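See structure below.
The values are calculated or read from the model by the stated rules, or taken from the named source; none is laboratory data. Because the structure is predicted, anything quoted here is derived from the model rather than measured. When we count neighbours, we look across all protein chains shown, and the Cβ atoms used for this are built from the backbone with ideal geometry, even at glycine.
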Amino acid sequence: MKLPDGLRLKHTPIGMRTIKTALAVTLSLMVIEYYGASPAKVVFATIGAISAVGPTFTASLLACATQICGVSVGALLALTLMALHVPSIVGVGIGIMLIITSYHHLKLKLVPVLPCLVLVNICLNPEVEALSYSLGRIWDTAIGLAIGMLVNTLIFPYDNSRKIRRMMEGLDGDLICILEDLFDGDDHLPKADDLGEKIDALEGQLALFSQQRLLRRKRQKREIQQLTTCEDTAQALLVELEALCAMPTMGRLNRENRQALLALGAKVSREEPGVSETTEDVVSNYHVSQVLRLRQKLKGQLAGRRR
């Protein structure tokens, strides 16, 4: 089941990921009621379900692995501190510092709530049987994680391919505006920085797309290759535009390039080079012809994806 990227419920600002998170938590609470292993099962199952609903399959898988490992590490750390006969309150402080520092150095984006909860509960409740308590917490968390993972993967999985296409198609309008500013006859020269930022954002979306890799893997690999080819063409376009914008003096368009830009709706100067072209004229027309060629190539690549 798929939804167009960015879909919202009609007349509400609720996103699909929010709805999936709520559904995952609800289902987890229903299951944990009968199969939970501890009085705090609701808390651990809820945290697990919320953590597993990530923006991509890879993010969800990483969240599941991180949370299970986190609960295990919290329990082992608590057992170690107890074996060393560290006072409870001091042990909690030391353990939390170690856990947070580890998350920071490993660059984990998840908040280390679960391992800290396990650590605190074991250290401050010496009457609790640490091993069975830890296994129970792992089980409760795993139920929430499993349900969250299933909901996130099977119900309207995140798909940003349409967003990537819209971004690529939007580059065309920006391209025409830059060329128009370059050759409209005034002294103001535009910068290609905004276009560069949009291409960088496009790379980020491609990275997200590459992490959505559970179902239809072969088809997705083919789509990634096609989208990456489009992005490479957009990068080549940016190089040509940056070369144009960096010229100290802009040359005059030849008839072919001027007519091509006019056909695209750009308002450019009608002044043509004289009998003898200047160096600026030759260089400018070379880069413009390259930009127009790459633009046509990108449109062909996008049309090929649509089929």
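Is region 70-85 home to any residue that is among the aliphatic types (A, V, I, L, M) and under 26 Å from residue 209 (Cα atoms)? Step through it out loud before you land on a result.
From region 70-85, those among the aliphatic types (A, V, I, L, M) are 71, 73, 75-79, 81-84; that's our starting set.
Checking which are under 26 Å from residue 209 (Cα atoms) leaves us with none.
No, region 70-85 has no match at all.
Looking only at region 57-104, how many residues end up being surrounded by 21 or more Cβ atoms within 10 Å (Cβ to Cβ) and part of a loop (DSSP other than H, G, I, E, B)?
0
For region 165-266, which helices (runs of 4 or more DSSP H) that fit wholly inside it have 3 or more residues that are modelled with pLDDT under 80? Steps first, answer last, please.
Values: elements: 193-210, 217-245, 255-263.
Qualifying helices (runs of 4 or more DSSP H): 193-210, 217-245.
Any idea which of (1) within 18 Å of residue 74 (Cβ to Cβ); (2) surrounded by fewer than 18 Cβ atoms within 10 Å (Cβ to Cβ) is the one residue 30 doesn't satisfy?
(1)
Within region 276-301, work out how many residues are farther than 24 Å from residue 231 by Cβ and either surrounded by 15 or more Cβ atoms within 10 Å (Cβ to Cβ) or not assigned by TED's automatic domain parsing to the domain that holds residue 184 (or both).
Looking only at region 276-301, we keep the residues that are farther than 24 Å from residue 231 by Cβ, and these are 276-285.
Restricting the remaining residues to those that are either surrounded by 15 or more Cβ atoms within 10 Å (Cβ to Cβ) or not assigned by TED's automatic domain parsing to the domain that holds residue 184 (or both) gives 277, 280-281, 283-285.
Adding up the residues that qualify gives 6.
Hey, among the residues in region 106-145 that are loosely packed, with under 15 Cβ neighbours inside 10 Å and charged (D, E, K, R), which one's nearest to the chain's Cα centre (by Cα)?
Only one residue tops the list, namely 109.
Determine the pairs where a residue that is more than 20 Å from residue 296 (Cβ to Cβ) and buried (at least 18 other Cβ atoms within 10 Å of the Cβ), located within region 152-177, has a partner that is charged (D, E, K, R) and modelled with pLDDT of 80 or more with Cβ atoms under 9 Å apart, the partner being 6 or more residues away or on another chain.
Cβ pairs passing all conditions: 152/17; 152/20; 158/17.
Among all residue pairs at least 6 apart or on different chains, which show Cβ distances below 7 Å where the first residue, located in region 21-42, is modelled with pLDDT of 90 or more and the second is charged (D, E, K, R)?
Taking only residues 6 or more apart or on different chains, the pairs are 32/41; 32/140.
Regarding region 281-303, can at least one residue be identified that is of a type outside the set (Val, Ile, Thr), modelled with pLDDT under 85 and over 24 Å from residue 173 (Cβ atoms)?
Yes, there is a match, as at least one residue in region 281-303 is of a type outside the set (Val, Ile, Thr), modelled with pLDDT under 85 and over 24 Å from residue 173 (Cβ atoms).
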